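Here the structure is laid out as structure tokens; the discussion comes afterwards.
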Protein chains: 2
Amino acid sequence: MKQSRLYIPTLKQTPNDTESISHQLMLRAGYVRQVSAGIFAYLPLALSVINKVETIIRKEMDEIDAAEMKLPSLLPVELWEESGRINTYGDDLFKLKDRHDREFILGPTHEETITTIVKERLNSYKKLPMVLYQMQNKYRDVTSTKYGLLRSREFLMADAYSFSANLEQLDIIYNQIEQAYRNIFEKLDLDFRVIYGNADLMGGTESKEFSALADIGSDTIAYSDESDYSANLEMASSKLPDNPIEAKQTSELVETPDVHTIAGLASFLNIEDAKIMKAVAYMADDQPVLVMIRGDYEVNEIKVKNFLEVQTLIAATPDQVVKNFGSIPGFIGPKNLAADVKVLYDSSLEGLTNFAVGPNIRNKHLVNANFEDITDGQPEFHDFRVVKEGEISPDGYGTINFTKGIKIANIFKLGTKFSKDFGANFLDEDGKSEPIIMGSYGISISRVLSAVIEQHNDENGIIWPASLAPYQVHLVPINYSDDTQKRLSDEIVKLLKDEDFDVLLDDRKERPGVKFADSDLIGIPIRVTIGKKAADSIVELKIRSTGETIEVNKDELVNSVKILLKNQ
Amino acid sequence: MKQSRLYIPTLKQTPNDTESISHQLMLRAGYVRQVSAGIFAYLPLALSVINKVETIIRKEMDEIDAAEMKLPSLLPVELWEESGRINTYGDDLFKLKDRHDREFILGPTHEETITTIVKERLNSYKKLPMVLYQMQNKYRDVTSTKYGLLRSREFLMADAYSFSANLEQLDIIYNQIEQAYRNIFEKLDLDFRVIYGNADLMGGTESKEFSALADIGSDTIAYSDESDYSANLEMASSKLPDNPIEAKQTSELVETPDVHTIAGLASFLNIEDAKIMKAVAYMADDQPVLVMIRGDYEVNEIKVKNFLEVQTLIAATPDQVVKNFGSIPGFIGPKNLAADVKVLYDSSLEGLTNFAVGPNIRNKHLVNANFEDITDGQPEFHDFRVVKEGEISPDGYGTINFTKGIKIANIFKLGTKFSKDFGANFLDEDGKSEPIIMGSYGISISRVLSAVIEQHNDENGIIWPASLAPYQVHLVPINYSDDTQKRLSDEIVKLLKDEDFDVLLDDRKERPGVKFADSDLIGIPIRVTIGKKAADSIVELKIRSTGETIEVNKDELVNSVKILLKNQ
């Protein structure tokens, strides 16, 4: 392709109002332009990358017998009323009316639509399982649009939907799609983690998120430096060292006037934080809940919420501590509370001996306490802790590190919510009518573009991996008006095209400095410069990622390019 | 691909409320489902066809150095207010507001958007010409939605926009795109005509329409049976035989009481219709206009409107004939009319002698009249005639036939309307700022699918041309549970895939009759049936278009398929 025929409006300056490197580079390198807040035009270079990503996705989805289709964007509002999601999505939905005053929405996802379509025919276990996928624009009227393609209002998704007759079929497909997605992101050269999502909140079924590591990411991921373990900080756990075994001492009520914090108590008693049993009081919906945890840890409220299966979890006010817990702020503990208080114990407390704990008596603490001093039986322990960096991975391999990530995909075991909403039933082997068991899966193609750029760039611009670069080779004659250079350039274009390489030829009448700067900014993996030595058929290859250059004769060119691209 | 993993809800009955064969067949063969009036889901078979059409379009557009991009569908309303098209499109536009009450439309076309984007950088003649194209959903809230993909509200278009520095550049690109479109439609095996569009109404620049011949089409096309000539009936002309040369006689005013029609006058005077000069009175906007035409022809009002460059042309009422023309209904003619009446002469009158004509006197006609009897000078003649079948093609080759067509594409020389609206200017070679000269081009992919099916079907279903069939080979084992048949089927799938054929394997547990009926309905070019002779590695090939069958050994299969597909 001739560069003069592509629209690539590169910019010298970093544009204002851009919060992420990928957004800045996509604007500077002339890949996208914003048409309205969060709504983008994909210019030729970006579309070329998108087409490559789509081809990679298509190939992997075909491998697992998933079939491509395309649902409309304009959806009758009735579908979303039926599922109730018209309310849960709220103002994020774009709504409109047609000339007959019928209401529509612009689809942000398609569970409702696909369910109403497949129920016509997926009426027997013999016709299951099935996986259908599509690649198309989605719509979401998000408020913050400063991150470019990371948070856009019209964005490209590859979304898939699975239909199974039983949970085993669902598991097989779910795992196949997880593997397909892993293959896709590996081909795209993304450094990513597959993390456990907040499944319980989605109705008790399993979910995972694919997160591309990047400082701009809004998710904190806890991952092991030696194993595959990774999870959103909200969901992460870790393996704690056992509490030291000690001979149990006799507990004693001591005066602790004006001591209201863990640090204060530790200092006052001259003990470690780890020897204090901390109590944190919450109102969970309307239920008073006291979470006990070791003094050197913090409570992860998401874990508590998921465990209790409640909608809200709010720290109790001092008034509530008195009224709902029957205690005194600063001195709360598990014993002698109001009858309906639920007490939870974090697993950090398992095996703890001779600890300090609140006695629910003003200005006092119980010291050298043990579990028999505060509970009747042995309590159950669960994980309610915020994981810390440096802890041992829950699988026992490596230590936990934190990193930031961009959510690029997720996979959900949906269960039967939508099949029940829309009456999508099938007859099982015993002739019994059952709702189809569904899964939902999606890759945000727009975000993938951003994530790849976040991970592959330098001060001069984008550095595309060969698999999704808009072109593989950038041919830059210093002076395309020069006959010798032009002849050699055109010959090389033909040589490379015959080997199926995508070539961009910079045929513009620009100064070499401008051409080189644009080339670095655009980020094609290999630049071939054709200059003074054109008469001797010698050209320079430059590797974008390393900056290395080598001179080769045109006869060695195709082979050199092949080797270099393989090593990218 | 395994048929059990595709969603193909075939139907035995023709669905109600479907007016076109293509719509019926797309529903019956399980290609599409309607989600809402005029809004369709493309199921796997349809998407496969669409992907093939898009690949063909992409290849031809690449050939002419056009660059693919993708503009958003959600467009700020301000762009359409600026161009004024918010009014001309009216209720056909889908309009909506975002959460901040800002107004948007769903784009039916993208001249406004692309112009605002390219004006940033296409600021010099050095950067022109350029052609950008995209393939994406368009939106138009049309009222009649009974024709399936022929008139849908969300539809797929491949639209292109060209930017030139001068009219010569525009001509070159316009011709290149016309040729590219011709190549595309030939590859799609469409019987089509390129016809001259109603250019004058679009601001005096040139346009052409690509029309696929089909009885369901809403356009009437006049074409020559021996040359390339074709035009919309509204625009079509023809070559008339000269009027016979006769010695001029002396005119005479005769009584013609109660004669109000051409037929009546011809019969009363015992002359041919062709010897009468017919007068048709119109109000053109507010101007009285009298169109004179030979009695055996009809006036084409579109031609009159275009010639006069008026908005409305309405037949004059008897009152208006009296008041605005100063005449008497039934006896109107060109002489002695009110001063401001404009008289037009159709070219059928050129050289006519000794004719009958209205004298603007009640119950009288002037007979044996000649031009000097009714006008001062020799009048100008123009083409205002409705062409008739059997007339000579205007290029002199062949005679005119009529046919119905589906508009599948059009190409427009836009000129500078949009570049002026949005200030898209460039500096020419003399450093002078000029508006960019634009062109606009579009293929309706949704209609192409319909048009191909309208032209390629029989009573059993669709008959796809090999170039865009969803699969090239349909492998149908009579009983896929039978080990021998399964082994041979799987082996043949591999043989064909190794040669890059797209294969659909009917692995369903259905009766052979159901499988064969579905296969014919779906319309894949070659069916390979694997039955009893599987043990001897013998299979049956069936050609969908002719119904012919041949038996071949699996070793000859790939070669046979290659030859058969080449001849499709």
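The values are calculated or read from the model by the stated rules, or taken from the named source; none is laboratory data. Just so it is clear, the model here is predicted, and its values are computed rather than measured. Cβ coordinates were reconstructed from backbone atoms using ideal geometry, including for glycine residues, and neighbour counts include every protein chain displayed. To get the accessible areas, we keep the full protein, side chains included, count just its heavy atoms, and leave off ligands, DNA and RNA. Shrake-Rupley method; radii C 1.70, N 1.55, O 1.52, S 1.80 Å.
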Subset of segment A:259-286 that is in contact with a Phe, Trp or Tyr (Cβ under 9 Å, 6 or more places away or on another chain) and in a loop (DSSP other than H, G, I, E, B) - its residue that is surrounded by the fewest Cβ atoms within 10 Å (Cβ to Cβ): A:His260
Criterion violated by B:Thr88 - all others in (1) at pLDDT below 95; (2) within 12 Å of another protein chain (Cβ to nearest Cβ); (3) open to solvent by 60 Å² or more (accessible area, probe 1.4 Å) satisfied: (2)
Pick from segment B:210-220, criterion hydrophobic (A, V, I, L, M, F, W, C) and buried (at least 22 other Cβ atoms within 10 Å of the Cβ), ranking: nearest to B:Tyr174 (Cα to Cα): B:Phe210
Any chance A:Ile50 is within 26 Å of the chain's Cα centre (by Cα), within 24 Å of A:Lys187 (Cα to Cα), within 13 Å of chain B (Cβ to nearest Cβ) and open to solvent by less than 20 Å² (accessible area, probe 1.4 Å): yes
Residue in segment A:323-338 that is among the basic types (Lys, Arg), farther than 16 Å from A:His260 by Cβ, over 41 Å from the mean Cα position of the chain (by Cα) and open to solvent by 20 Å² or more (accessible area, probe 1.4 Å) present: yes
Looking only at segment B:496-544, and only at residues there that are outside any loop (DSSP other than H, G, I, E, B) and open to solvent by 60 Å² or more (accessible area, probe 1.4 Å), the one that is nearest to B:Lys12 (Cα to Cα): B:Lys532
Hits in segment B:119-161 - residues which are at pLDDT 95 or above and of a type in the set (Phe, Trp, Tyr): B:Tyr125, B:Tyr133, B:Tyr139, B:Phe155, B:Tyr161
Neighbours by Cβ (under 8 Å, 6+ apart or cross-chain): first from segment A:496-513, within 14 Å of chain B (Cβ to nearest Cβ); second open to solvent by less than 10 Å² (accessible area, probe 1.4 Å) and among the basic types (Lys, Arg): A:Asp506/A:Lys515; A:Arg508/A:Lys515
Failed criterion for B:Ala469 (all others in (1) within 21 Å of the chain's Cα centre (by Cα); (2) among the aliphatic types (A, V, I, L, M); (3) part of a loop (DSSP other than H, G, I, E, B) hold): (1)
Leading residue by the ranking (most open to solvent (accessible area, probe 1.4 Å)) among those in segment A:425-439 that are of a type in the set (Gly, Ala, Ser) and either in contact (Cβ under 8 Å) with a residue 12 or more places away in the chain or assigned to a strand (DSSP E or B) (or both): A:Ser433
One residue from B:Met69, B:Met61, B:Met130, B:Met135 being touching a strand residue (DSSP E or B) at 6+ places or on another chain (Cβ under 9 Å) and over 22 Å from A:Asn137 (Cβ atoms): B:Met130
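Yes/no matrix, rows are residues, columns are (1) without any contact (Cβ under 8 Å) to a residue 24 or more places away in the chain; (2) farther than 21 Å from A:Ser83 by Cβ:
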site	(1), (2)
A:Arg99	yes, yes
A:Arg102	no, no
A:Pro108	no, no
A:Glu112	no, no
A:Thr143	yes, yes
A:Ser152	no, yes
A:Asp159	no, no
A:Ser162	no, no
Residues that are part of a loop (DSSP other than H, G, I, E, B), of a type outside the set (D, E, K, R) and either at positive phi or at the interface with chain B (Cβ under 8 Å from one of its Cβ atoms) (or both), drawn from segment A:130-146: A:Thr143
Filter pass, A:Ile522 being at pLDDT 95 or above, among the aliphatic types (A, V, I, L, M) and over 10 Å from A:Gln3 (Cβ atoms): no
Qualifying residue in segment A:449-458 (condition: polar (S, T, N, Q), more than 30 Å from A:Gln249 (Cβ to Cβ), in contact with a helix residue (DSSP H, G or I) (Cβ under 6 Å, 6 or more places away or on another chain) and open to solvent by less than 10 Å² (accessible area, probe 1.4 Å)): yes
Meets criteria (at pLDDT below 90 and in contact with a Pro (Cβ under 7 Å, 6 or more places away or on another chain)) for B:Tyr229: yes
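Matching residues to (1) under 30 Å from A:Gly423 (Cβ atoms); (2) surrounded by fewer than 17 Cβ atoms within 10 Å (Cβ to Cβ); (3) touching a Ser or Thr at 6+ places or on another chain (Cβ under 9 Å); (4) touching a residue at least 40 places away in the same chain (Cβ under 8 Å):
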{"residue": "A:Leu11", "(1), (2), (3), (4)": "no, yes, no, no"}
{"residue": "A:Ile39", "(1), (2), (3), (4)": "no, no, yes, yes"}
{"residue": "A:Ala46", "(1), (2), (3), (4)": "no, no, no, yes"}
{"residue": "A:Ala67", "(1), (2), (3), (4)": "yes, no, yes, yes"}
{"residue": "A:Leu75", "(1), (2), (3), (4)": "yes, no, yes, no"}
Test for B:Tyr480: is it hydroxyl-bearing (Ser, Thr, Tyr), closer than 30 Å to B:Met157 by Cβ and either open to solvent by less than 40 Å² (accessible area, probe 1.4 Å) or not in a loop (DSSP other than H, G, I, E, B) (or both): no
Test: residue in segment B:232-243 that is surrounded by 15 or more Cβ atoms within 10 Å (Cβ to Cβ), of a type outside the set (Lys, Arg) and closer than 17 Å to B:Asn368 by Cβ: yes
Residues of segment A:99-125 that turn out to be assigned to a loop (DSSP other than H, G, I, E, B), facing chain B (nearest Cβ under 9 Å) and open to solvent by 10 Å² or more (accessible area, probe 1.4 Å), as a count: 5
Residue pairs meeting the criteria (Cβ under 6 Å; at least 6 apart or on separate chains; first assigned by TED's automatic domain parsing to the domain that holds A:Ser124, in segment A:409-424; second in a loop (DSSP other than H, G, I, E, B) and crowded, with 22+ Cβ neighbours inside 10 Å): A:Ser419/A:Ile436; A:Ala424/A:Ile436
Selected residue (only one of B:Glu168, B:Glu178 is surrounded by fewer than 22 Cβ atoms within 10 Å (Cβ to Cβ), away from chain A (no Cβ under 11 Å) and either in contact (Cβ under 8 Å) with a residue 12 or more places away in the chain or of a type in the set (Gly, Ala, Ser) (or both)): B:Glu178
Total residues in segment B:461-514, condition charged (D, E, K, R) and touching a Gly at 6+ places or on another chain (Cβ under 8 Å): 0
Elements of type strands (runs of 3 or more DSSP E) in segment A:160-236, at least 1 residues being under 15 Å from the mean Cα position of the chain (by Cα) and among the β-branched types (Val, Ile, Thr): A:192-196, A:219-224
Contacts under 6 angstrom Cβ, first residue in segment B:342-357 being surrounded by 22 or more Cβ atoms within 10 Å (Cβ to Cβ), partner hydroxyl-bearing (Ser, Thr, Tyr), 6 or more apart: B:Ser348/B:Tyr297
Count of residues meeting criterion [at pLDDT 95 or above and either under 28 Å from A:Glu309 (Cβ atoms) or in contact with an Asp or Glu (Cβ under 6 Å, 6 or more places away or on another chain) (or both)] in segment A:172-209: 8
